[in-house]
Amino acid sequence: MKFGRILRDGPDGKIARLVVVEPEKGRVIDLARAAALHYVATRNATTDAARTFANAAYPGSMALALSMGNYLTDHAPAIVASTGDDASLDMNEVEWLPASDPPVLRDGLNFMGHITGWSAKMGRTVPDAMERVVPYCQNSPAMVIGNNATVPWPGYINHMDYELELGWVIGRKVKNLTPENALDAVFGVTMYNDFSGRDLQQDEVAIGMGGTKAKNFAHGIGPWITTMDEFKDPYSIEMEVRLNGETKGKGVSSDVLWRVEEVLSFVSQGEYLQPGEVIGSGTLEKGSALEHGIKLQPGDVVELEAKNIGILRNVLGEPEQGMWWPTAQPGKLVPTS
């Protein structure tokens, strides 16, 4: 199945709703609404009681819904079959939220073609440490955006870039995974656009503590999540990125340094993975504008697509002006000549 999140008008303003997505029918099904109708029709529940129970069973938070174990995948099919038609909405008219509201957001560097291509463009040598330690960083979950959202552009970034990635969505709380059981912890797959400020990233890479302001301003997650049972092979997922309608990169999810099972296992050593957490696959070869010598411009439209997932579409906003930025402190640590 495919699950997503949308905004709907409620009595006190807009509220987040969990939906089942049926692209072949051009619709989404509001699960809380469908469940309430189902309980009234099949369990003789009162309308108020049915709504209260349905809102708790199908919250607007994907992380909270997945924290309830297998309830979502066990019960959603029957709800959809029973009352889905009466709770459906045109998928082209809804306001999308990020497919997950991750409590933790991480991003890998794993596709070998991108590792070498990105390193060459950044003027750096690929460290052999990548062959010993699975590379990833931790990003800000507060800055996730959904399908059709405008990408905020901080004024301190001059060289904006997109990144074509898959997002592995964790389905349960786990720790110390092994490659033998790691995929059992994955609920599904979404698209992940790790927007990056390449000019600022040069300094952050040199510092060696990972990306911060060059990364944590926008993370596209969506348009929805496709559950793992719909993928026969996680290494044969076809991916593509388009800039203003023109294909800039495409391929399959196979050319990796570390297998997905190894990435998940490594990240989980000594710490918990949380329900709803999203872990980026790393960028596919030629999946960034940097590798094509392109700098994004305000108004550019970026579309990430993967077979059996969908299209994550975002528009670059205008750079925000008037932001504070620190003054350089030359000579305080490294004496100038």
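The values are calculated or read from the model by the stated rules, or taken from the named source; none is laboratory data. On a predicted model such as this, the values are computed, not experimentally measured, just so you know. Using ideal geometry, Cβ is built from the backbone for each residue, glycine included, and neighbour counts are taken over all protein chains shown. For the accessible areas, the whole protein counts, side chains as well, though only heavy atoms, and no ligand, DNA or RNA atoms are used. Shrake-Rupley method; radii C 1.70, N 1.55, O 1.52, S 1.80 Å.
Where strands (runs of 3 or more DSSP E) fall entirely within segment 99-217, those with at least 3 residues that are open to solvent by 20 Å² or more (accessible area, probe 1.4 Å) are at 136-139. Selection of segment 52-77 for residues being of a type in the set (A, V, I, L, M) and touching a residue at least 40 places away in the same chain (Cβ under 8 Å) yields 62, 63, 64, 65, 66, 72, 76. All of 61, 88, 67 fail the test of being touching a Lys or Arg at 6+ places or on another chain (Cβ under 6 Å), closer than 30 Å to residue 1 by Cα and polar (S, T, N, Q), apart from 88. In the set 197, 222, 211, only one residue is farther than 21 Å from residue 308 by Cα and out of contact with any helix residue (DSSP H, G or I) (no Cβ under 6 Å at 6 or more places or on another chain); that residue is 197.
Taking each residue of segment 119-145 that is in contact (Cβ under 8 Å) with a residue 24 or more places away in the chain and looking for partners that are among the aromatic types (Phe, Trp, Tyr) and part of a helix (DSSP H, G or I) with beta-carbon atoms closer than 7 Å, six or more apart or interchain, yields 134/266. If you filter segment 84-128 down to residues that are farther than 30 Å from residue 25 by Cα and aromatic (Phe, Trp, Tyr), you find that the one that is modelled with the lowest pLDDT is 118. Tallying residues that are assigned to a strand (DSSP E or B) and over 20 Å from residue 194 (Cβ atoms) within segment 218-249 yields 2.
Among the residues of segment 295-311, what is the count of those that are over 14 Å from residue 165 (Cα atoms), in contact with a Gly (Cβ under 9 Å, 6 or more places away or on another chain), touching a residue at least 40 places away in the same chain (Cβ under 8 Å) and not hydrophobic (A, V, I, L, M, F, W, C)? Final tally of qualifying residues: 1.
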